[in-house]
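No value in this document is a laboratory result; all are computed from the given coordinates. Source: prediction; values computed, not measured. Cβ sites come from the backbone with ideal geometry, for glycine too, and all protein chains shown count toward neighbours.
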Amino acid sequence: MKTEQVAPGVVRLALMPLDAFNAYVIGDVLVDSGGRLAGKHLLAALSHMEIAGHALTHAHFDHQGSSHLVCEHFGIPLWCGEGDRAAVESGDLTRILPNPDSWLARVSQSMAGPAHPVDRVLGDGDEVGGFTVIETPGHTPGHLAFWRESDRVLILGDVLFHRNPMTLRIGLTEPFAFATFDPAMNRNSARRLAALEPAVVCFGHGAPLRDARRFAEFILSLPAG
Ligand SMILES: [Zn+2]
């Protein structure tokens, strides 16, 4: 598994080749855990680090797939946003999809990681691994981003993609509409993040972006509504 120091105290774990799926370690907190198949490699990579907690940007299968495994293995607590808590605790991830009867819902349930209790719900202003939590609902109801103002590092989960995880095409895009609970709400969350003017943006999918202007211009170009 490729690991990359993105900024002081921020390590990106590239869970698959081509930067298609990422998790991060911020301070002593793991953010996201990738899919179930990443579990063994993730445990090996984390065994060299000090990990005291695990937070989720959101509870899609490609972010929570190995969360139960990691929390059990290291005996650490799991944290997520209120809107995704029921999905995490029940293991029923279809409830945070736009259509719980879709093909995606069936795929999602076959790929989902096991249910796991949430020790703490995170919300605006909470501190995690030296970062501040920002609620960014839309892609899922309880989606979270993590922001460190001192050096303007932003971890935004799937508010935007920097690489399409299916086609592997590189570039800023909105996340798949078919997997986004409320696309208009997600766009509003993206606008709030653009206003922060981040120097480094870390994505669930794709390599980090160190171009604040391109980030802002992409979000400003999105249609209203
Ligand atoms: Zn994702």
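Descriptive notes on the structure:
- Fewest-first sequence of 143, 41, 205 by Cβ atoms within 10 Å of each Cβ: 41, 205, 143
- Taking 100, 183, 175 in turn, the Gaussian network model of the chain (Cα-Cα springs below 10 Å) assigns the largest fluctuation to 100.
- For region 2-221: rounded, prolate or oblate by the Cα gyration tensor [a/c cutoff 1.5]: rounded
- Computed from phi, the 3J(HN,Hα) profile of region 128-144 under the Karplus parametrisation 6.51, -1.76, 1.60 (θ = phi - 60°) reads 9, x, x, 10, 9, 6, 10, 6, 10, x, x, 4, 9, x, x, 4, 10 Hz, with x in place of Gly and Pro.
- Mean-position separation - Cα centroids, region 1-72 and region 151-192, in angstrom: 19
- Expressed per residue, the C-alpha convex hull volume of region 92-187 stands at 122 Å³.
- Among 128, 221, 112 the positive-end extreme of the charge dipole of the chain (Cβ point charges): 221
- Residue 7 long-range amide H proximity, modeled H, under 5 Å: none
- Relative contact order (percent, whole number), region 2-221, Cα cutoff 8 Å, 6+ residue spacing: 17
- Summarising the strand pairing of the chain, around 70 percent of its internal DSSP beta bridges are antiparallel.
- The magnitude of the dipole of region 2-221, with charges of +1 and -1 set on the Cβ of Lys/Arg and Asp/Glu and taken from the Cα centre, is near 640 debye.
- Whether region 21-132 is rounded, prolate or oblate, judged on the alpha carbon gyration tensor where a/c under 1.5 counts as rounded: oblate
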